[in-house]
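For reference, the structure discussed in these notes is given below.
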There are 4 protein chains.
Amino acid sequence: MTTACVAGGAGYIGGELIRLLLGHPRVEFAGASSATLAGRRIDGAHPNLRGLTDASFTEPGRLPRCDVLFTAAPHTRAMAAVREHLDTGAVVIDLSGDFRLRDPGEYERYYGVPHTEPELLDGFVSGLPELHRAEIATADRISVPGCMATAAILALHPLVRSGLAVGEPRVDARTGSSGSGASAAHNTHAERSGALRVYAPLGHRHEAEIRQALGRPVRMTVTGIGAVRGVQVLCWTRLAPGAGPREVRAAYRTRYAAEPFVRVVAARRGPHRLPDPKILAGANFCDVGFAADEAGGEVLAVAALDNLVKGGAGNAVQCMNLRLGLPERSGLEFSGLHPV
Amino acid sequence: MTTACVAGGAGYIGGELIRLLLGHPRVEFAGASSATLAGRRIDGAHPNLRGLTDASFTEPGRLPRCDVLFTAAPHTRAMAAVREHLDTGAVVIDLSGDFRLRDPGEYERYYGVPHTEPELLDGFVSGLPELHRAEIATADRISVPGCMATAAILALHPLVRSGLAVGEPRVDARTGSSGSGASAAHNTHAERSGALRVYAPLGHRHEAEIRQALGRPVRMTVTGIGAVRGVQVLCWTRLAPGAGPREVRAAYRTRYAAEPFVRVVAARRGPHRLPDPKILAGANFCDVGFAADEAGGEVLAVAALDNLVKGGAGNAVQCMNLRLGLPERSGLEFSGLHPV
Amino acid sequence: MTTACVAGGAGYIGGELIRLLLGHPRVEFAGASSATLAGRRIDGAHPNLRGLTDASFTEPGRLPRCDVLFTAAPHTRAMAAVREHLDTGAVVIDLSGDFRLRDPGEYERYYGVPHTEPELLDGFVSGLPELHRAEIATADRISVPGCMATAAILALHPLVRSGLAVGEPRVDARTGSSGSGASAAHNTHAERSGALRVYAPLGHRHEAEIRQALGRPVRMTVTGIGAVRGVQVLCWTRLAPGAGPREVRAAYRTRYAAEPFVRVVAARRGPHRLPDPKILAGANFCDVGFAADEAGGEVLAVAALDNLVKGGAGNAVQCMNLRLGLPERSGLEFSGLHPV
Amino acid sequence: MTTACVAGGAGYIGGELIRLLLGHPRVEFAGASSATLAGRRIDGAHPNLRGLTDASFTEPGRLPRCDVLFTAAPHTRAMAAVREHLDTGAVVIDLSGDFRLRDPGEYERYYGVPHTEPELLDGFVSGLPELHRAEIATADRISVPGCMATAAILALHPLVRSGLAVGEPRVDARTGSSGSGASAAHNTHAERSGALRVYAPLGHRHEAEIRQALGRPVRMTVTGIGAVRGVQVLCWTRLAPGAGPREVRAAYRTRYAAEPFVRVVAARRGPHRLPDPKILAGANFCDVGFAADEAGGEVLAVAALDNLVKGGAGNAVQCMNLRLGLPERSGLEFSGLHPV
């Protein structure tokens, strides 16, 4: 059976990768490493996995040989971590920000440090199946996009590709606290509970990813919200002259008709008329919707996802499935809950 | 393939049943009825099911013939609803409170109305696999226990069965808002958010179920908490003379060693040392733990579960699996999330 | 002593009015009416007032004579309710939407029904002290603006008045569940907890109020969030050529230097760098902040308030203080809590 | 005017003390020290105080002379901190656990370190006005009790004093995350949000305080809940033979009739029938209620409070008012909010 390992399994993304691999019908979870928790049981860090695995974290660099290696190191530390694993023969799927931007200058601008492995950048394929399915199927190095970037790209792509969107979209992103990682400052419960923290008022590093994917600049604002999981983006853009609700609807329906993990959610009324991350916790869906204003000549595109699943570990497993020639939905069937 | 239907599919328990049946690898979901939403799409009421089914609710009584029928009518209305379905040939699994108590007098005392179908009571087997696995495997009528009762019974059973518990246990139950159903009064978000509402200070109808299952009375207090899903029970009981932590631990380990959906969670320290429903949303586990006080001669038993899954729909599917001779875990593999 | 009554005291805004009047050092609370709860104790509906008043609600129309009458009927029903109270000699301060828009056609467009008392519209002064302090001081009929409108107007006014803002601002409003009233549908805890419900994707009736106050159109989107109290608005607008952070900062500092209830919150970093409604529950502050992007030629203005206080009852009391010649802060000193 | 300072003003209790002193009509806030934030603005740590003070934290030991000194150092570090301030002539009101237990052996047992200032213990009066009003009025050293102890003592005292309670009460305490302080481990939002963490299953240090105050042992369990503020205790105790609801009600009504900050909340029905901390955030009330079971011979006593106010800073200000001969309610009039 195909085997997969996780380098950097103690964080939240790492925990989700282990969860998905343990439940995967066609791939075997073969081990996870952690610099801080080596030797400790995996289910001590991820208590939802009790009863599913008795394994412990290995030291970094002591993982068994495997077919697919997920690397989940923090941004700026992933560069070196990935370098170390390149000669193992495994397909490498990286979940950090370090191999997302093709231009090392852009990387330095947004991440604040120079890229130490710029010659590796060209070898990575962007791990967004909805845009790069064919390349992913043959890639040996895949870089999974950021959670908010994934949502914004999927929200806007039908409009941009079809020429319906003109100008520079505005992206208003809301993100739960788990995106800050397991140990971030200012994220105690007392401080973060119920917060609406506009921490990136004008500009966020995911802007660069979105621009790279869509071929057009966006303006992004990010608010940290009181949820643990979940990203929602609101994207406003002007419509091309003559375009209206009918064209917008057609663009979305056509674009995503065959996508297993994008659902078009655009009802006329009701509490669930547009995408809400509340019902997506644990699911690999990115729900995408829109409201078009014919008179006003603009459209609001909305997307929602679980930042740790379709915005991270789930999307990475989807890439793995494509690369291995498995059914794309394998191990990703959980639908999300309601109410929750 | 085996088929299953849900009578009363618009409520929260009904929605969970449909979700679990749609994802079940060995049973086919064949339809759901609703008096209030007949003719409307199922995924309008349960938006997490978008993309998984295009079906609509049927009128009550217009469900197709099927092998297993889940009835999810409200307490006191389920009696008549079940009666109507008895001649369909299907195995009936009822999720209301109406067929849980064997004594119709007890029923009237706790539910406030006389039982209209007392002659049916003897035909029902209690749908708690951990206590009644063999009977469930051959039963045609199964009554799934209440969510708080399930948690309390599983928390206390090892102590009672082994003779370690003496006297009358005290049960302190905490329950999320989804247990009140989709339309209950006093449960607007503004009123219930963050609440600690002691709504049953001394005595709750689940007391009767627990007494019936354990063969001993308990004293129960219930607090409505600010979570949507989740039940946690704290049960204190006196220990038999001479018994201490070692005997308690052995009783739990032995009792639940072979149970697929009961995990013993009793660590010495750490944030996850005892069961917490937070990580169980969507999962069919009942986590059970304990802390024994040798000097004090008492033990605290703690259990946690998702009230809509192991406390309702998931437990019902587990019963169905047993009755059909399927692997007990079929369709119930979701592990729960962390963090969430 | 000056006396004040509340017509429509059973709702959330009514409850806040009673709370503020009971704590007011210079005005005496003289009674509250309710159509639904007449004869019942006030502290039954508003349990935070236990021990502060033993009074019960009167029938509508059976309030004692008083100097100031607050009317807190729902939109579209307030028209008639206000008409009935006009001959009592009291200063009328209305908290509904019915007397906010000067143009009855505009009213019908946004509220869906014709205005039945159009001849009264001219008699009302807009109850926003920061824009209309002098008129309020002599007005006998005051219409308190909507919660989101108040936030957006205070966020944008310094930029518009100083000529720094050009074009049509975009307003992204987030609002807690208490704004939906005590009995709204789709607002059970289970449905609303943790939600991000984009219920007004393009256009909301508060647009009209903002346009009327600022003299320029805005484009508004509204998301219902999982908080009970709190409104936050994000407003993006283009800057006039040559304008940058320095001018923006000066505009806010100058504009609000003397305002007792507007705080300029615009730090360079930290978790509290921009306004967050989390710390404003119960307080009458509207926190206003901004982030200007010199290169990009735009500014993000952010405002936050408690929708039931500065967005409703507190603002109404501030108007009363002005009208009665009392210190503007009387009865409104509560600072808000941290953490919470 | 009387002046007051806060030694250790950067924590949550310190922030509440500063908030209450800034709003106090008869006492002047004269300064706050902090070892970690000396030189930084107070409103940087406590953003709710923006606009209310421009002061910065001083170094520890550099506070101005004042009439009342509140010491809010962490447990085990407060011993030395208090010693340093004893010669300043100020009335010292300590909010740590270090001077609550009269017996230094008991202290070492519950806090894990020897008491370094045992000769000071006798000089402290317990700062619970409902039990020690007369002594507080003349005391120069006051030790404010723990938040959960305060709730449990006030819940049980009427029953114990009147002889209605027999045996050893069981105390089930639930506590919000702010009680863990501004920097505690395992309290990130992602971990703590929505948690029900039974972190002290059998025994907690507040047991010793309760026993000391009531003169009888209790058995205590503590659960950390998903709220930020708030403590609720459920206390079950057996009733003396012949006692029933009538005697219990009389005991509470009589005991608390004259108390300004204890409200008896014991309705027969409704969502607010028993005390809930949800509506007490920011208020100095301890709500106390009960439900008696005549047949069962037992009573459930329930108390709720804001752990940072009546469970800490507010109670300390109430003690100060008594010591200074001020009206007991001075500066403590905030009623709490509903909904919230």
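Remarks
- Net +/- balance of residues flanking residue A:75 in space, Cβ distance below 10 Å, scoring K and R +1, D and E -1: +2
- Prolate/oblate/rounded label for chain B (Cα gyration tensor, a/c 1.5): prolate
- Taking Cβ atoms as reference points and 14 Å as the exclusive limit, the residues near residue C:88 contribute a net charge of -1, counting Lys and Arg as +1 and Asp and Glu as -1.
- Approximate shape of segment A:147-305 as ellipsoid semi-axes (Cα gyration tensor, √5λ), whole Å, largest first: 27, 17, 14
- Inter-copy spacing of residue A:26 label points, which lie 7 Å from Cα along Cα→Cβ, given in nm from shortest upward: 2.3, 7.6, 7.7
- Counting Cβ atoms of other protein chains within 10 Å of each Cβ in C:277-286 and taking the mean gives 4.
- Percent of Cα pairs exceeding the 53 Å cut-off, where the set is the protein assembly as shown: 24 percent
- Within segment A:213-305: Cβ-based charge dipole about Cα centre, in debye rounded to nearest 20 (Lys, Arg +1; Asp, Glu -1): 100 debye
- Ranked by how many other beta carbons lie within 10 Å on average, peptides D:211-219, B:222-230 from highest: B:222-230, D:211-219
- Innermost chain D residue relative to the axis carrying D onto B, by Cβ distance in angstrom: D:172, 3
- Relative contact order [Cα under 8 Å, 6+ residues apart], chain B, whole percent: 17 percent
- Across C:27, A:166, the residue with the most accessible area heads the list, and the full order at a 1.4 Å probe is A:166, C:27.
- Built amide H within the under 5 Å cut-off of residue A:58, gap 5+: A:32, A:33, A:34, A:39
- Measure of compaction for segment A:2-123 (Cα Rg per 2.2 N^0.38 Å): 1.08
- If you take the Cα centroid of segment A:1-71 and the Cα centroid of segment C:233-291, the two points sit 46 Å apart.
- Estimated vicinal HN-Hα couplings, Hz - segment D:258-272 in sequence order (Karplus 6.51, -1.76, 1.60; Gly, Pro = x): 9, 7, x, 10, 10, 10, 8, 10, 8, 8, 7, 7, x, x, 10
- Of all DSSP-defined beta bridges confined to chain B, some 50% are antiparallel rather than parallel.
- In order along segment D:122-135, phi translates into HN-Hα couplings of 5, x, 9, 9, 6, x, 10, x, 5, 10, 9, 4, 5, 5 Hz, rounded to whole numbers, per the Karplus curve 6.51 cos²θ - 1.76 cosθ + 1.60 with θ = phi - 60° and x for Gly and Pro.
- Beta bridges from DSSP with both residues in segment D:147-305: antiparallel share about 75 percent, rounded to the nearest 5.
- A label point on residue A:267, set 7 Å along the Cα-to-Cβ line, lies at 3.3, 4.0, 4.1 nm from each of its counterparts in the other copies, closest listed first.
- Stretchable slack from residue B:328 to residue B:86, in nm (0.36 nm times residue separation minus alpha-carbon distance): 84.6 nm
- Applied to segment D:76-92, the Karplus parametrisation 6.51 cos²θ - 1.76 cosθ + 1.60 on θ = phi - 60° returns per-residue 3J(HN,Hα) values of 6, 9, 6, 3, 5, 4, 5, 3, 5, 9, 6, 8, 8, x, 7, 5, 9 Hz, with x for Gly and Pro.
- Projected label points at residue D:295 and residue B:254, each 7 Å from Cα along the beta carbon direction, are separated by 3.6 nanometres.
- Relative to the Cα centre, the charge distribution of segment C:2-123, modelled as +1 at Lys and Arg Cβ and -1 at Asp and Glu Cβ, gives a dipole magnitude of about 480 debye.
- Nearby lysines by direct alpha-carbon distance to residue D:310 (threshold 19 angstrom, same-chain neighbours under 8 apart not counted): D:278
- Accessible surface of the protein assembly as shown, 1.4 Å probe: 48 percent of it comes from carbon and sulfur atoms.
- Per-residue shielding of B:232-244, expressed as the average number of other chain Cβ atoms within 10 Å of the residue Cβ, stands at 1.
- Inter-chain neighbour count for B:170-177: the average number of beta-carbon atoms from partner chains within 10 Å of each residue's beta-carbon is 4.
- Shown are A:174, B:41, whose ranking by accessible area with a 1.4 Å probe and every protein chain present, most to least, is B:41, A:174.
- Annotation: amide H of residue C:284 has no partner in the under-5 Å range at sequence separation 5 or more or interchain, hydrogens built in the peptide plane.
- Dipole of segment C:147-305, positive direction: furthest Cα of C:277, C:160, C:224, with charges on the beta-carbon: C:277
- In the full protein context, segment C:156-286 carries 33 Å² of accessible surface per residue, based on a 1.4 Å probe and ignoring ligands, DNA and RNA.
- Sorted peptide list for C:43-56, B:130-143, D:311-324, criterion being average Cβ within 10 angstrom, highest first: D:311-324, C:43-56, B:130-143
- Check: segment C:147-305 dipole with +1 on Lys, Arg Cβ and -1 on Asp, Glu Cβ, in debye: 200 debye
- Label spacing, shortest first and in nm, from residue A:56 to its equivalents in the remaining copies (7 angstrom along Cα→Cβ): 5.0, 6.0, 7.0
The values are calculated or read from the model by the stated rules, or taken from the named source; none is laboratory data. What you are looking at is a predicted structure, and each value in this text was computed from that prediction instead of being measured. Because the Cβ atoms are built from the backbone with ideal geometry, glycine has one as well, and the counts that use them run over all protein chains shown. To get the accessible areas, we keep the full protein, side chains included, count just its heavy atoms, and leave off ligands, DNA and RNA. Shrake-Rupley method; radii C 1.70, N 1.55, O 1.52, S 1.80 Å.
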